[in-house]
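Notes for the one structure printed next.
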Amino acid sequence: MTSGQGDAPEVEFVEALVELRAEASVPDLVAWCSRYGIDVVPMAAGTLITGSGRQFAVAFGVPVKDRSRPRTLPVPPGLDSTARSVTVLPTPTLGVRDRLP
């Protein structure tokens, strides 16, 4: 995978947090994401999903462009009974804190 720095949006590596509905389970999310080639990583609070910008655009119906801040994606039909929200994480900027006073 690529770092996302300078890559075209469709090939850029994307990470997003998914808040599951109370009655949903991680296997429900895995089943939906696997249709789009998106990986799922369960976390203590929420679930991390990862894939290319192209995979996210196909799955969620919108391109993932500006990643300078967190961005909420629309929850598509078919995932709405599983996910409460999907938030794309901003692109990491490694080393920025090292340059700050």
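Summary table below
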| read-out | value |
| --- | --- |
| Descending principal axes extents, the stretch 37-95, alpha-carbon based, whole Å | 39, 28, 20 |
| Average accessible surface area per residue within the stretch 42-85, 1.4 Å rolling probe, Å² | 54 Å² |
| FRET efficiency estimate (nearest 0.05) - Cβ-Cβ, Ala45 to Glu23, R0 22 angstrom | 0.80 |
| Sum of side-chain charges, Glu15 neighbourhood, beta-carbon under 12 Å (Lys, Arg +1; Asp, Glu -1) | 0 |
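The values are calculated or read from the model by the stated rules, or taken from the named source; none is laboratory data. Small disclaimer: the values here were computed from a predicted structure and weren't measured. Every residue, glycine as well, gets a Cβ built from its backbone with ideal geometry; the counts of neighbours run over all protein chains shown. Side chains are part of the model used for accessible areas, which takes the heavy atoms of the whole protein and leaves out ligands, DNA and RNA. Shrake-Rupley method; radii C 1.70, N 1.55, O 1.52, S 1.80 Å.
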